[in-house]
Amino acid sequence: MSELTELPAWQALWDHFAEAKHLHMRDLFAADPGRAERYSLEVGGLFLDYSKNRITDATLLGLMELAREAGLPSRIKSMFKGEKINRTEDRAVLHVALRNRTNSPIHVDGEDVMPQVNSVLERMGKFAHAVRSGDWLGFTKQPITDIVNIGIGGSDLGPLMVCSALKPFGHPRLNMHFVSNVDGAQLKETLKKVHPETTLFVVESKTFTTQETLTNALTAREWFLSHARDEGAVAKHFVAVSTNQKAVAEFGIDPANMFEFWNWVGGRYSLWSAIGLPIMLYLGEENFTELLNGAHIMDQHFMNAPFEQNMPVLLAMIGVWYINYYGGGSHVIAPYDQYLHRLPAFIQQLDMESNGKQVTLSGQPVDFETAPIIWGETGINGQHAFFQLLHQGTHISPIDLIASLENRSNLPGHHEILLANVFAQAEAFMRGKTAEEVRAELAAQGLKGEALEALAPHKVFGGNRPTNTLLMSRLDPRNLGSLIALYEHKIFVQGVIWHINSFDQWGVELGKQLAKTIHAELTGKLGGAEHDSSTSRLIQLYRRVNA
Ligand code: F6P
């Protein structure tokens, strides 16, 4: 038994599950006209309808009791106070300090972090203003037109997702490009689109040791110098964002051109820090501040609202219900908004790198499931691709349907079709279609006898498939800030329930280590390292083609 599974609430929920698993949402709705109103809430510009879940009042009561018994109230306080809750790295976890708009002091090792946070924000603001206004000039005295972000993982996905989501707020002169893949194809294709005289490279890496990023940055620098032919010009076209000033200087970027952040900001939680520089360059300081304001609204709500009316806690605990009791190990993110097309990838890293863990904080193997597999795509495209499995396949995979109420494309007719699909999908997943309904439908179409009976089972939808509908009043910086913070806190809550460390990522290290040796072999610097026969053969195949 682990710390979690011996909690009375954990056991009590199993007892409840034995009965609850037979309930159908269709019946729950029929029996309770007030269900949608009770199981929905609004925070800032976000509206959550969680009524289409396999839950009752007793389920929620049990889940909230579990959250309390797992120590959630004190763990929330510990995070916001700057305690070193990332124990394996001995670090505080303070993305909330980056958007602490009240400026109340938050201490790490006895020092208030807010003055540093504010001073970096101010530097970012000045720089962004200079670039956006055209005052910042390249080596031939031309304003910047293109920004190339070089980074990977948390140093890519956050800025990329936000810049894509808020494109309508972007500066009309600035084109944003994101290079993360060490496959030279991405950088090569990007460099074809930009001009060295008007391009600013933002090299983003928390550690400044990430091989993919440093390789791309080095190649970009060589490309730039092959045109500028002046080392002195680099300072006008390369800036760095990192926690590692020494490595930035060694790489050849003047520390005066570096924007700092701190080891208490996790990579996947870093878009609010200087890692957000590309966001600020594109959207401006005011919109970036709005993004922070939106996150702050969610932070305050998360800290202060009772669990029963707490959006991140509700989403997290309902998630636990499926993952641990129903055994649903997957969760779909389906934004019904083209601008949010990178949201699934962003949340995938946020959730899976945070909670993809197999030991508890005390190092004991878990005896329950942890993070679900997060996947997704814009909902409307998903409908014509993988929703078949979600409707009639054998897996139970809860789905977050995310949409903006306000029409932004202004193309007549589109928005109504889009939102009709959001609401229809949620209804279809919940209701399904019974065998009787199918038979009646087929009979009305003139089918009968064996033909009717042969076709009917294929057309039955079991329904009872859970969705959360998350609606934004509009997709703007403030609401996007709230939305991202909502997921961050949801993931934190689940990590607390599972007693795992959501803020390290040792699982990414082994592959990096092995790649170093193999890279040395592929480049002829090392021969004959020991491998299994499969790996050795793959290396031989590479050598045959690239001899
Ligand atoms: O390898 C995983 C990882 O460390 C992520 O956690 C991180 O977001 C990404 O690589 C990039 O790291 P860095 O910002 O240090 O280059």
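Couple of notes before you dig in:
- Residues being away from the ligand (no atom under 13 Å from the Cβ) and either free of Cβ contacts under 8 Å to residues at least 60 places away in the same chain or aromatic (Phe, Trp, Tyr) (or both) - total across the range 266-282: 2
- Close pairs from the range 502-520: first under 21 Å from residue 363 (Cβ atoms) and open to solvent by less than 50 Å² (accessible area, probe 1.4 Å), partner aromatic (Phe, Trp, Tyr) and within 11 Å of the ligand (Cβ to nearest atom), Cβ under 9 Å, at least 6 apart: 503/269
- Evaluation of residue 226 against (1) assigned to a helix (DSSP H, G or I); (2) in contact with a strand residue (DSSP E or B) (Cβ under 7 Å, 6 or more places away or on another chain); (3) more than 16 Å from the ligand (Cβ to nearest atom) (one fails), failing number: (2)
- Among the residues of the range 265-283, some residue qualifies, meaning at least one is assigned by the TED database to the domain that holds residue 161, in a helix (DSSP H, G or I), out of contact with any strand residue (DSSP E or B) (no Cβ under 7 Å at 6 or more places or on another chain) and open to solvent by 20 Å² or more (accessible area, probe 1.4 Å).
- Selected residue (criterion: nearest to the ligand (Cβ to nearest atom)) from residues of the range 192-217 that are in a helix (DSSP H, G or I) and open to solvent by less than 20 Å² (accessible area, probe 1.4 Å): 213
- Total residues in the range 138-191 satisfying the condition of being part of a loop (DSSP other than H, G, I, E, B) and more than 16 Å from the ligand (Cβ to nearest atom): the figure is 14.
- Test: residue in the range 475-498 that is part of a helix (DSSP H, G or I), closer than 30 Å to residue 2 by Cα and open to solvent by 50 Å² or more (accessible area, probe 1.4 Å): no
- One residue from 244, 257 being open to solvent by 10 Å² or more (accessible area, probe 1.4 Å) and either assigned by the TED database to the domain that holds residue 482 or within 15 Å of the ligand (Cβ to nearest atom) (or both): 244
- Near pairs, Cβ below 9 angstrom, 6+ apart or cross-chain, from the range 148-177 (at negative phi and of a type in the set (Asp, Glu)) to any residue that is within 12 Å of the ligand (Cβ to nearest atom) and not in a helix (DSSP H, G or I): 156/149; 156/150; 156/180; 156/204
- Selection count where residues are closer than 20 Å to residue 78 by Cβ and within 16 Å of the ligand (Cβ to nearest atom), scope the range 460-486: 0
- Residue 177 passes every criterion in (1) touching a Lys or Arg at 6+ places or on another chain (Cβ under 8 Å); (2) surrounded by fewer than 20 Cβ atoms within 10 Å (Cβ to Cβ) apart from (2).
The values are calculated or read from the model by the stated rules, or taken from the named source; none is laboratory data. Note that the structure is a prediction, hence the values are computed from the model and not measured. Cβ coordinates were reconstructed from backbone atoms using ideal geometry, including for glycine residues, and neighbour counts include every protein chain displayed. We work out accessible area using only protein heavy atoms, side chains counted, and drop any ligands, DNA or RNA first. Shrake-Rupley method; radii C 1.70, N 1.55, O 1.52, S 1.80 Å.
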